[in-house]
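The values are calculated or read from the model by the stated rules, or taken from the named source; none is laboratory data. Predicted model only: the values in this text are computed from it and were never measured. Methodologically, a virtual Cβ is constructed for each residue, glycine included, from the backbone with ideal geometry; neighbour enumeration extends over all protein chains shown. Just so you know, the surface numbers come from the protein's heavy atoms only, side chains and all, with ligands and any DNA or RNA stripped out. Shrake-Rupley method; radii C 1.70, N 1.55, O 1.52, S 1.80 Å.
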Amino acid sequence: MDQSSTQRLDQQPRVKRRVRAQGKQPPKQAPQETQEQQTSPADVPVPEPRPTDAPKADAAPAQEQKTEGPKVPDASNQLNEEKSRQAKQARPEPSAPEPSAREPSTETESEPEPPAEVPIPTQRPDTAEPEAQPPAVAPQPPEKPADAGDEKMLPDPRSADRPGEKMPAEEVACRARLKALGVEFEEHKAESSPEIGCAIPYPLVLKSLGKSIAISPGTELNCPMAEAAARFAADVIQPAAKAEFGADLKSINQASAFVCRPRHGTRKLSEHAFGNALDIASFTLSDGKKVEVGPTPPEKDGKFLNAVRKAACGPFKTVLGPGADADHALHFHLDLEPRRHGGTFCQ
């Protein structure tokens with residue numbers, strides 16, 4: 001028992017000498033440990049093991065000496081493992097090297113290596129998209145409804161009037177009255193337009209409205225309208241001009257008489273289409289003064305025009321002028337359109 005303890009104690013100084021001499025002559029190691037040490041970048045200093053307390057042979061029990069005994073031969077292995085672990089920590093990781101810690105290699109260029117995989121943009125398809133081709137048949141505009149074809153005029157019973165072989169008695173009597181009023185006129189051939197509906201079976205072209213009242217340019221009207229215009233000029237316009245200006249009415253400048261057309265913006269035929277309407281643009285007096293119909297006439301002219309316009313409502317069934325609408329801003333419109341119960345429309 002004492003002999004074995006003495007042998008173990010004698011072996012401890014040898015271990016110390018072996019460890020201290022390790023820096024000069026490394027102990028023999030396993031092949032794997034030797035290879036790891038050779039690949040280490042530099043020798044890492046190994047801390048010296050703490051000195052073991054000198055064993056007390058008499059005080060330490062045999063059980064403690066047996067326990068500490070086996071640790072002595074493992075001291076060199078522990079130092080080698082510590083050295084190998086420190087070498088691994090000092091060696092840079094190959095998977096994620098730091099750019100600043102990586103040292104240049106003699107075998108490779110100093111430029112940074114490109115990434116393992118470079119993102120490649122998505123390639124366009126080899127076949128280009130087909131260009132839009134024009135349709136084989138050009139698109140056609142939508143067809144108009146059957147009832148929205150050519151804007152035909154609404155029917156009017158007067159559109160069917162045609163001259164007879166002999167002039168009716170009322171037409172003969174009307175002409176006789178015109179001659180008595182001193183109206184100069186000429187007979188005109190019948191007007192007819194089946195496509196539109198205009199018709200005057202016995203038209204007249206007026207040269208004057210009385211013995212001293214001219215009308216220009218030539219005015220084509222039916223006989224009843226010509227008689228109404230002549231009487232209105234002699235009975236209303238002439239006295240109003242004498243009262244307001246102290247002069248006689250010399251002539252009337254008409255803007256429209258017979259015109260084969262519908263009313264503006266409607267499908268209804270105008271009274272002009274039957275020679276049953278007269279538009280007056282201005283009046284000329286015997287002293288040369290001209291009174292024009294307009295929205296803002298001079299005060300004296302306006303008084304005369306208002307008197308004529310007011311007096312026209314009665315002898316004529318329709319009277320329109322400035323203020324009625326934009327189409328009648330510069331003339332008086334007078335017609336004999338038949339209305340229910342003989343009424344009038346004056347505006």
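I'd like the full set of residues that are touching a Gly at 6+ places or on another chain (Cβ under 7 Å) and part of a helix (DSSP H, G or I), limited to segment 289-347. Correct list: ARG309, HIS328. Among residues of segment 332-347 that are at positive phi, those with a Cβ under 9 angstrom from a residue that is surrounded by 15 or more Cβ atoms within 10 Å (Cβ to Cβ), sequence gap 6+ or separate chain, pair up as GLY342/LYS317.
So which residues in segment 263-272 are among the charged types (D, E, K, R) and open to solvent by less than 10 Å² (accessible area, probe 1.4 Å)?
GLU271
Matching residues to (1) of a type in the set (A, V, I, L, M, F, W, C); (2) more than 18 Å from SER256 (Cβ to Cβ); (3) in contact (Cβ under 8 Å) with a residue 12 or more places away in the chain:
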position: ALA281; (1), (2), (3): yes, no, yes
position: ASP287; (1), (2), (3): no, yes, yes
position: VAL291; (1), (2), (3): yes, yes, yes
position: GLY294; (1), (2), (3): no, no, yes
position: ASP301; (1), (2), (3): no, yes, no
position: THR318; (1), (2), (3): no, no, yes
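Of the candidates GLY275, GLY288, GLY314, the single residue that is surrounded by fewer than 20 Cβ atoms within 10 Å (Cβ to Cβ), at pLDDT 95 or above and under 23 Å from SER208 (Cα atoms) is GLY288. Close Cβ contacts (under 7 Å, 6 or more residues apart or on different chains) running from residues in segment 171-196 that are under 27 Å from SER251 (Cβ atoms) to residues that are in a strand (DSSP E or B) and among the hydroxyl-bearing types (Ser, Thr, Tyr) comprise VAL183/SER208; GLU184/SER208.
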